[in-house]
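The values are calculated or read from the model by the stated rules, or taken from the named source; none is laboratory data. Treat the numbers as computed from the prediction; the structure is a model and nothing was measured. Please note: Cβ atoms are built from the backbone with ideal geometry, for glycine as well, and neighbour counts cover all protein chains shown. Accessible surface is based on the protein model in full, side chains and every heavy atom, while ligands, DNA and RNA are left aside. Shrake-Rupley method; radii C 1.70, N 1.55, O 1.52, S 1.80 Å.
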Amino acid sequence: MTEHVLEATGLTKLYPGVRALDDVDFALRPGEVHVLFGENGAGKSTLISMLAGANRPTSGTIRLNGREVSFADVGAAQEAGIFTVFQEFSLIPTLSVAENIFLGREPRRGPFVDHRAMKRMTREIFQQLDFPIDPGAMVATLSRAAQQMVEIAKAHHGELSVLILDEPTASLTDREVDHLFEQIAELKSKGVGVIYISHRIQEFARIADRVTVLRDGALIGTLEMADADDDTLVEMMTGREVTEIYPRIQRTDPKTVVSVDGLSTPGVEPANFEIMKGEVLGIAGLVGCGKSRLVRALMGVVPRSGGTIRHRGEDVSGLPVRDMIARGFYYLSPDRKAEGLDLARTSHDNLATNVIEGRGRSFVRWSSVRAETDAISDRVELDPGYRKRLVSQVSGGNQQKVLFGKCFAQPSEIFILDEPTVGVDVGTRAALYRMIRDLAENGNAVIVVSSDLPEVLNLSHRLLVMAQGRIVDELEKDEISEDRVLRKFFEDREQAS
Amino acid sequence: MTRTTTNQASGGLQDFARRTFIRLGVLPVFLIVAVVVFSLLSSKFLTGQNLINVARQSVYLVLVALGQMLALISGGFDLSVGTAIAVTSVVSALTMVWASGVFPEMLWFAITIGILAGFGAALLIGIVNGIGVSYFQVSPFIMTLGVSSVGGGLALFMTGGVPVSGLPFDFGNVFGFGRLFGVPVPVLVAIVCIVLMWIFMSRTRLGTQIYAVGGNIRAAELSAINTRRTLMIAYALCALLASLTGVLLTARVESGEANLGGSIALESIAACVIAGVSLRGGIGRVENVVLGAFFIVLVQNGMNLAQVSSYMQMVLLGSLLILAVIFDQVRYRMMMQAR
């Protein structure tokens, strides 16, 4: 009878005025990797939040090993063997790796916590994961990728029958992804069912057994991965034919507007490059290679330790961010929640802040500000229904559109876009790429900094490749190839080791 | 895109209550409960004369709460508003007494420089708070608590703990008990400040900058806002509004006193939080804060009429503050979760 380890039938979740999930059936076999696929806001997160015990369905049932269950909270689900790694980590930054992993179930020696055993067991877990981490290190000091591994390591406890991973590879390097996949394969062989949320088809194609596609809170279908190809999946997800995601971008009369000479900051060795109007400059590199720090130093967000930046012949090195913005620089943050948006206010208000700053007048005429934020919202294709909603209440893709909209609120000519499509679905990505095209073709300088290799390969006219804090290659459009870029990542690694 | 349900009618009332709560917070409920309870307890409560009294008494808290609101919206708070009042009172009184001794025939000149000296002293307090919070990133709690002790100590030191008397009569006659067009001067001052603050917060760039800094300081910085300057302005204006209260109170008691404004930090924070100003910053409205301050004074007035002892009043006020914060948490969670 219990062919499925986890089975949900007729799952529905209503929020006031909104049907977030509509009569969805979902079944997980033991030892399978089951991918949940869909645009932001399709209901994936709602579905797993109920399976994970973080939320309760309005109607519908969940069965674990054939028995109907209803979890009071995430802890209850964990006790039953369902462990979830959410996108927002549940780690305590001021505690050590070992303390985090054994939080609430510390090994004891008499009445005291046995720190030595805790560290030893932690080391064993990470040896199994083949990921070197100091069990005594404070979590706050680790990279995001390492924190992700700690989060996954927490699941290596007790009876695990279902592991839910919400976009686990978003911040991992390729090698770390390989490790993660080996680990998933290991769990599979032990009969653990894995639910895996991801946008990256190429990636999950390597490990998925089945894929379930959701759209607008409804189940579109479940298929065997063997029968699924990219086009079918994207069509099911978006409900429309696949068109070319990456637009052709004309290079229009490139002219240098910024020269960077020997710019350095902790983690980035002196870098020389030029920024030109009318073209897209890509900066490719693995997570943690220093590409983000480089542009943040350029922008004045992090302090610069040396070098000069010239904008139209004038030395602008060391200016604070607001002066750089006043000169026409715009920096799009890779972290829309932490430093991009005010989540407790509406999309309209978020854009208005920048519009008001851009105008520089002491008094605000709201009617004209509102007209402008509306025009910007049109430009970034933000659905009118979302404009007066709190930003926290719209999906990640729409939040990213609002963040993009801020670019257009202040007059700028140099757009530095740091991970412009992070955690965004295919439909929104295509829209954002079209905006990048328009910016470049209108004669602006656009810099795309991205860990998503196809993105920078396809958009860039010129590409800088970074590894270990250095610019290791600069390629013209006709020289750009995945092979060459990847080889550069590796070459440098071998030299370093 | 998520679909909207068609059955809006069912649960419509619940939905309305929820939306109202998210928008206005807990104040409407508190106000209704207070009015009902106190008019049951005392027949004098719901009379025109009493309500006018409440309006007059609430002037001082309204002004301080408006300042407190600025600090709260910017993402901090100001525990030193009471000290700003005390310092203003002592400094302005000492200056007035000194100046009226030196220029006995120019009393209005003495009054003016006395008031300006009070403003100056409070401004200094605000700037010190602002520098600590913005340049040295001291938590607003510690910064304003420390400044509160420093200022309070200085005020006591300057007076030796004895009230400063001998102020020009006109000062008290005009700013304490005077009327213009039949309206008490303090009430007029408050009305002007309310209007100016409303314009400041909703119609000026500086106002939107304070909201932006409190909402997400990193995002504000990346939007070209000078976040340090914005924080400085918030704390400076907060101190100035407290200072204005200090001047009005000094005129009312006709002496400079180092113990004025003792419980006003707590009361002003309570007024703001009850009025829906978020302790996380970025959220709050002038008109609601005015109503919040009015509510606190109304409750105090009601308790006086119902002959609740002043000690028990402290208990109730503290409880109200905590209750309001709990509702604020619930409200914030609802705001963030509703999809």
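Of the residues that make up region A:56-73, is at least one without any contact (Cβ under 8 Å) to a residue 12 or more places away in the chain and open to solvent by less than 40 Å² (accessible area, probe 1.4 Å)? Yes, there is a match, as at least one residue in region A:56-73 is without any contact (Cβ under 8 Å) to a residue 12 or more places away in the chain and open to solvent by less than 40 Å² (accessible area, probe 1.4 Å). Scoring A:V301 on the criteria (1) surrounded by fewer than 16 Cβ atoms within 10 Å (Cβ to Cβ); (2) of a type in the set (A, V, I, L, M); (3) touching a helix residue (DSSP H, G or I) at 6+ places or on another chain (Cβ under 8 Å) leaves a single failure, condition (1). Of all positions in region A:275-294, none carries a residue that is within 14 Å of another protein chain (Cβ to nearest Cβ), open to solvent by less than 60 Å² (accessible area, probe 1.4 Å) and of a type in the set (A, V, I, L, M).
Among the conditions (1) within 22 Å of A:M466 (Cβ to Cβ); (2) away from every other protein chain (no Cβ under 14 Å), the only one that A:L298 does not satisfy is (2).
One residue stands out in region A:208-257 among those that are part of a loop (DSSP other than H, G, I, E, B) and within 14 Å of chain B (Cβ to nearest Cβ): the one that is surrounded by the most Cβ atoms within 10 Å (Cβ to Cβ), namely A:G217. Taking (1) open to solvent by 10 Å² or more (accessible area, probe 1.4 Å); (2) at pLDDT below 95; (3) over 11 Å from the mean Cα position of the chain (by Cα) in turn, B:V277 satisfies each apart from (1).
So is B:V247 under 23 Å from B:V37 (Cβ atoms), under 17 Å from the mean Cα position of the chain (by Cα) and open to solvent by less than 50 Å² (accessible area, probe 1.4 Å) or not? No, not satisfied. Screening B:F136, B:F119 for residues that are out of contact with any helix residue (DSSP H, G or I) (no Cβ under 6 Å at 6 or more places or on another chain) and of a type in the set (F, W, Y) leaves exactly one candidate, B:F136. The residue of region A:69-93 that is nearest to A:D114 (Cα to Cα), among those that are within 24 Å of the chain's Cα centre (by Cα) and hydroxyl-bearing (S, T, Y), is A:S90. Considering (1) touching a residue at least 12 places away in the same chain (Cβ under 8 Å); (2) open to solvent by 60 Å² or more (accessible area, probe 1.4 Å); (3) within 13 Å of chain A (Cβ to nearest Cβ), say which one B:F177 fails and leave the rest. Going through the list (1) touching a residue at least 12 places away in the same chain (Cβ under 8 Å); (2) open to solvent by 60 Å² or more (accessible area, probe 1.4 Å); (3) within 13 Å of chain A (Cβ to nearest Cβ), B:F177 breaks only (3).
When residues in region B:289-316 are screened for being of a type in the set (V, I, T) and either touching a strand residue (DSSP E or B) at 6+ places or on another chain (Cβ under 7 Å) or free of Cβ contacts under 8 Å to residues at least 24 places away in the same chain (or both), 2 of them pass.
Only one of the numbered conditions (1) in contact with a Gly (Cβ under 8 Å, 6 or more places away or on another chain); (2) within 30 Å of A:L390 (Cα to Cα) is not met by B:V325, and that is (1). Where strands (runs of 3 or more DSSP E) sit wholly within region A:57-158, those with at least 1 residues that are assigned by the TED database to the domain that holds A:A27 and under 20 Å from A:T169 (Cβ atoms) occupy A:82-85. The set of residues in region A:180-203 that are in contact with a helix residue (DSSP H, G or I) (Cβ under 9 Å, 6 or more places away or on another chain) and open to solvent by 30 Å² or more (accessible area, probe 1.4 Å) comprises A:E182, A:E186, A:Q202. In region A:20-30 there is no residue matching the filter, namely being open to solvent by 30 Å² or more (accessible area, probe 1.4 Å), among the small types (G, A, S) and at pLDDT 85 or above. Within region A:101-131, restricting attention to residues that are open to solvent by 10 Å² or more (accessible area, probe 1.4 Å) and in contact with a helix residue (DSSP H, G or I) (Cβ under 7 Å, 6 or more places away or on another chain), the residue that is modelled with the highest pLDDT is A:K119. Restricting the first member to region B:195-207 and to residues that are at the interface with another protein chain (Cβ under 10 Å from one of its Cβ atoms) and on the phi < 0 side of the Ramachandran plot, and the second to residues that are open to solvent by less than 30 Å² (accessible area, probe 1.4 Å) and of a type in the set (D, E, K, R), the beta-carbon pairs closer than 9 Å and six or more apart or on different chains are B:R205/A:E357.
In the set (1) at the interface with chain B (Cβ under 10 Å from one of its Cβ atoms); (2) surrounded by fewer than 20 Cβ atoms within 10 Å (Cβ to Cβ), A:Y386 fails one condition alone, (2). Of all residues in region B:214-242, how many are within 18 Å of A:R359 (Cα to Cα), hydroxyl-bearing (S, T, Y), open to solvent by less than 10 Å² (accessible area, probe 1.4 Å) and part of a helix (DSSP H, G or I)? Qualifying residue count, region B:214-242: 1. Restricting region A:353-381 to residues that are in contact with a helix residue (DSSP H, G or I) (Cβ under 6 Å, 6 or more places away or on another chain) and more than 7 Å from every other protein chain (Cβ to nearest Cβ), the residue that is surrounded by the most Cβ atoms within 10 Å (Cβ to Cβ) is A:T373. Just so you know, in region B:250-264 the residues that are open to solvent by less than 30 Å² (accessible area, probe 1.4 Å) and assigned to a helix (DSSP H, G or I) include one that is nearest to the other protein chains (Cβ to nearest Cβ), and it is B:I264. Scan region A:325-348 for residues that are without any contact (Cβ under 8 Å) to a residue 60 or more places away in the chain and at the interface with chain B (Cβ under 8 Å from one of its Cβ atoms) and jot them down. Result: A:A326, A:A338, A:E339, A:D342, A:L343, A:A344, A:R345. Out of the residues in region A:159-185 that are of a type in the set (V, I, T) and not in a strand (DSSP E or B), which is farthest from A:T84 (Cα to Cα)? Of everything passing the filter in region A:159-185, A:T173 is farthest from A:T84 (Cα to Cα). Among the criteria (1) aliphatic (A, V, I, L, M); (2) assigned to a helix (DSSP H, G or I); (3) closer than 20 Å to B:R280 by Cβ; (4) without any contact (Cβ under 8 Å) to a residue 24 or more places away in the chain, the one B:V138 does not fulfil is (2).
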